[in-house]
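What follows draws every value from the coordinates through simple rules; no lab data is involved. The model shown is predicted, which means the values in this text are computed figures rather than measured ones. Cβ sites come from the backbone with ideal geometry, for glycine too, and all protein chains shown count toward neighbours.
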Amino acid sequence: MIKQYYFRFLLIAAIIGLCIYQVYPPEKKIRRGLDLQGGVHVVLEVTETAQDEKTISDLADRALEVIRNRIDALGVTEPVIQKEGMKRIIVDLPGVQDPDKAIEIIGQTALLEFKLVSDDPDLLKSALEGNVPPGYQLVYYKEKDERGIYREAHPLLVKAEPELTGKYIEDAYMGYDSSGFPDVNLVFNREGAAIFEAVTAKNINKQLAIVLDGVVRSAPVIRERIPGGKAQITGKFSVEEARTLAIVLRAGALPAKMEMIYKEVVGPTLGRENIVQGFRAALYGGIIVLTFMLIYYTTFGLLADFALALNILILLGVMATLRGVLTLPGIAGIALTCGMAVDANIIIFERIREELRTGKSPKAGIDSGYKRAWTAIIDSNITTLIVGLILFFLGEGPVKGFGLTLSIGIVANLFTAVFVTKTIVDWVMLTRKIEKVRI
Amino acid sequence: MELIKNPKFDFIGKRKIVYIFSCVIIIWGMVILAMRGRDIFGVDFVGGDMLNIELKERVTVSEIRDKIKGINIGAYSVQALGTEGKDFIIKSGPNTSEKIIEALTSIYGTEGEAFSVKGKSSISPSMSVSLRKKAFYAFLLGLIGILIYITFRFEFRFAVGATLAIFHDMLFVVAVLALTKKQIDASVIAALLTIAGYSVNDTVIIFDRIRENIRKTRSDDYFTLFNNSINETLSRTILTVLTTLFVVVLLFLIGGETLHTFAFSLLVGFIIGTYSSVFIASSIIIDWHRWKPHKFKV
């Protein structure tokens with residue numbers, strides 16, 4: 001008889017040990033959501049409509065790779081980049097230092113094109129009146145003056161078909177132009193270098209427009225044939241701008257038009273406030289519950305308190321093991337688990353009181369209390385679990401985190417509130433002669 | 001210690017009053033909801049921008065509102081967070097928050113010095129449509145899941161009673177949110193579903209006792225049997241919700257602004273959930289039985 005309990009205690013001790021090992025130190029082991037450490041959450045959607053679903057889905061896959069490369073260049077510690085459905089991409093960047101820059105880097109299409117400028121002023125004039133000649137298009141040149149302010153955009157008529165695109169770029173990095181402004185240096189791959197050399201050789205003294213996402217960034221005049229596959233984009237950039245542009249050009253253009261349909265930025269201050277306030281509320285709430293149980297059920301209350309503490313420990317242990325994300329509603333979920341964890345014990349203890357009132361012996365009363373309470377506990381926990389899982393699978397961000405802690409808490413609850421407390425009670429009943437139970 | 005000893009309340013006998021009370025609150029709330037329209041929903045459900053700013057100096061909501069009026073960005077709303085008069089939420093149409101930040105900069109001074117943007121979000125109409133859809137499916141799945149589980153564990157009429165009681169709780173909470181001018185966003189949906197999952201707990205505990213009593217007594221005086229079962233389980237119904245309420249009240253009081261509406265919804269929902277478990281879920285089964293008698297085989 002006793003042996004069976006040794007095994008049970010060993011199991012409980014092993015679980016406690018394992019959970020502590022998994023959780024400690026919590027600030028390193030538990031991943032925190034955006035709302036607890038600040039960061040960026042965006043959802044992008046492919047807006048190309050005239051294509052079939054398969055193509056759209058492929059475009060989204062390719063876009064995801066491009067975005068991943070861009071974010072890798074940013075150096076965010078645990079980014080989450082995933083596809084949702086056919087045409088959406090979710091990007092989570094917890095703890096990112098400069099959220100606005102991150103959003104720019106993710107969202108920029110970065111379609112770089114080199115287009116020849118028409119040198120016929122009459123053609124440009126008629127294009128401005130609305131008659132764009134076939135094979136040409138109007139683009140606007142936004143140039144910055146010395147102080148870095150955009151001057152009024154002026155129009156250029158360029159060939160619609162680009163001579164060269166960003167696809168042929170092997171590397172891009174920030175440098176400085178002759179007047180000391182940051183610029184972006186491009187290195188073409190071998191194929192690109194050959195095309196660039198041929199284009200420059202054929203069009204000496206013509207203007208070549210460097211068009212990024214439909215806007216002309218610079219339009220230098222070709223002076224001579226350029227071998228070696230190197231080019232610069234100047235445009236009086238700030239250091240930040242040049243760096244950002246180099247990152248997106250290196251990672252390549254997004255393969256499709258994309259719209260940022262959801263954008264959320266949480267500042268680090270708000271994140272800190274959330275974590276402090278959330279934890280304080282959960283902690284005080286937990287303490288009140290513990291105290292209440294102790295006062296209301298005395299010895300048995302102590303047992304329920306132990307089960308509650310164990311429940312929280314297991315919850316955190318599982319979170320750490322699954323690499324689950326703790327969010328602010330997730331902390332609320334843990335707090336709720338405190339409130340609900342003792343419910344199972346209340347149901348059991350009330351039932352035991354009832355059984356004892358019918359004149360049963362302590363052992364029989366406790367046994368039938370546990371046994372009869374079991375159906376109510378399992379039914380009520382499963383209905384809550386149904387909801388917890390739905391929130392986890394259908395919810396996003398903070399809500400998902402809530403569903404996660406709630407679900408784990410409920411499953412852990414069945415173990416701690418029933419198995420663990422029963423083991424301890426049985427063992428005490430077995431090893432000591434107990435004539436009367438006060439509950 | 002024991003709070004309630006041998007209660008003998010006639011819960012089911014009071015059901016008409018309860019039905020009327022619930023209907024009045026729910027209808028009143030729904031009317032207010034319809035009158036307030038889009039305004040009551042967070043940007044995640046209607047699309048648009050949301051800015052959370054903190055100013056160095058105290059200002060009033062109406063001051064900020066007046067200052068923004070000049071920049072012509074369409075409909076917007078300003079809401080104060082907390083009581084310090086420095087923390088505000090500004091909701092506005094899609095892609096307008098940059099303009100608001102510019103306007104605030106020209107009035108109060110540079111961002112980062114005179115005021116800081118603690119958080120912002122921007123949700124396109126197409127995203128808000130899919131968030132709404134998701135919320136709807138979550139509700140549907142939740143209710144169906146509970147309906148099926150209780151049918152499986154008890155019987156169909158019990159499942160309907162429990163599900164209607166949950167539905168009542170959700171409507172009641174939404175009504176209270178409308179009446180107290182709170183905002184309905186994704187966190188409220190999470191709260192409503194949690195309320196559903198939790199409120200059904202108390203109901204299930206009562207049903208569990210009804211099931212046991214039907215087996216034990218073989219009585220078909222359901223009115224008395226249901227009432228007795230509710231009374232027998234009353235102390236645990238109240239105790240379980242009480243321990244959970246301790247926590248929810250603290251979340252509401254000191255959990256911070258981000259959790260405010262979430263915790264408030266839970267607070268109202270858990271109380272109403274207990275009320276509906278005791279007064280409504282079983283009463284529906286009794287009324288159904290009076291309308292079309294049925295012998296419960298549990």
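For peptide A:344-355, the mean count of partner chain Cβ atoms within 10 Å of a residue's Cβ comes to 4. Out of all DSSP beta bridges with both ends in the protein assembly as shown, state the antiparallel percent to the nearest 5. Taking every DSSP beta bridge with both residues in the protein assembly as shown, the antiparallel ones total about 95 percent.
Express in nm, to one decimal, how much length is gained between A:Asp120 and A:Arg438 on full extension, taking 0.36 nm for each residue of separation and deducting their alpha carbon distance.
Details: separation 318, 0.36 × 318 = 114.48 nm, distance 10.15 nm.
My answer for the length gained is 104.3 nm.
Contour minus end-to-end for A:Asn189 and A:Lys83, with contour as 0.36 nm per residue of separation and end-to-end as the Cα-Cα distance?
35.2 nm
About its Cα centre, chain A has a charge dipole of approximately 2460 debye under the convention of +1 per Lys or Arg Cβ and -1 per Asp or Glu Cβ, with nothing else charged.
Take the residue pairs A:Lys142/A:Lys167; A:Lys400/A:Lys422; A:Lys29/A:Lys371; A:Lys400/B:Lys67 and return only those whose Cα atoms are more than 26 Å apart.
With Cα atoms farther than 26 Å apart: A:Lys400/A:Lys422; A:Lys29/A:Lys371; A:Lys400/B:Lys67.
Distance between the C-alpha centres of region A:350-427 and region A:248-289: 32 Å, rounded to the whole angstrom. For trypsin sites (Lys or Arg not before Pro), the sites in region A:61-150 that DSSP calls loop and that have at most 12 other Cβ atoms within 10 Å are A:Arg147.
Which whole-angstrom value gives the distance between the alpha carbon centres of region B:231-276 and region A:85-101? What the calculation gives is 35 Å, centre to centre. Between B:Met35 and A:Lys142, the simple spin-label model (points 7 angstrom out along Cα→Cβ) gives 4.6 nm.
If R0 is 35 Å, the Cβ-Cβ spacing of B:Phe9 and A:Ile20 corresponds to a FRET efficiency of close to 0.15. Does a label point 7 Å from the Cα of A:Tyr176, set along Cα-to-beta-carbon, have any residues of region A:227-252 with amide nitrogen under 18 Å, and which are they? Those under the cut-off are A:232-244.
What is the distance, in nm, between label points placed 7 Å from the Cα along the Cα-to-Cβ direction at B:Val24 and at A:Thr358? So the label points at B:Val24 and A:Thr358 sit 4.2 nm apart.
Amide H to amide H distances under 5 Å link A:Lys87 with no residue, where only residues 5 or more positions off or on other chains count and H is placed in the peptide plane. Measuring between their Cα centroids, region A:185-242 and region B:84-126 lie 39 Å from each other. Pairs over the 28 Å Cα-Cα cut-off, from the set A:Lys28/B:Lys56; A:Lys263/B:Lys134; A:Lys236/B:Lys91: A:Lys28/B:Lys56; A:Lys236/B:Lys91. Tell me whether region B:48-123 comes out rounded, prolate or oblate; compute the Cα gyration tensor, take square roots of the eigenvalues as a ≥ b ≥ c, and use a/c under 1.5 as the rounded threshold. Taking the square roots of the gyration eigenvalues as a ≥ b ≥ c, region B:48-123 is rounded.
Once both labels are positioned 7 Å from their Cα atoms along Cα-to-Cβ, the gap between A:Phe415 and A:Asp98 label points is 4.6 nm. Given R0 = 41 Å, the distance between the Cβ atoms of B:Ile148 and A:Lys257 translates into a calculated FRET efficiency of 0.40. Between 0 and 90 degrees, the angle of helix B:222-232 with respect to the longest Cα principal axis of chain B falls at about 60 degrees.
Inter-chain Cβ neighbour count for B:203-210, averaged per residue, equals 5 (cutoff 10 Å, partner chain atoms only).
Taking Cα atoms only, the orientation of helix A:53-74 departs from the longest principal axis of chain A by about 90 degrees.
For region B:144-202, the list of trypsin sites (Lys or Arg not before Pro) that fall in a loop by DSSP and count at most 16 other C-beta atoms within 10 angstrom reads B:Lys181.
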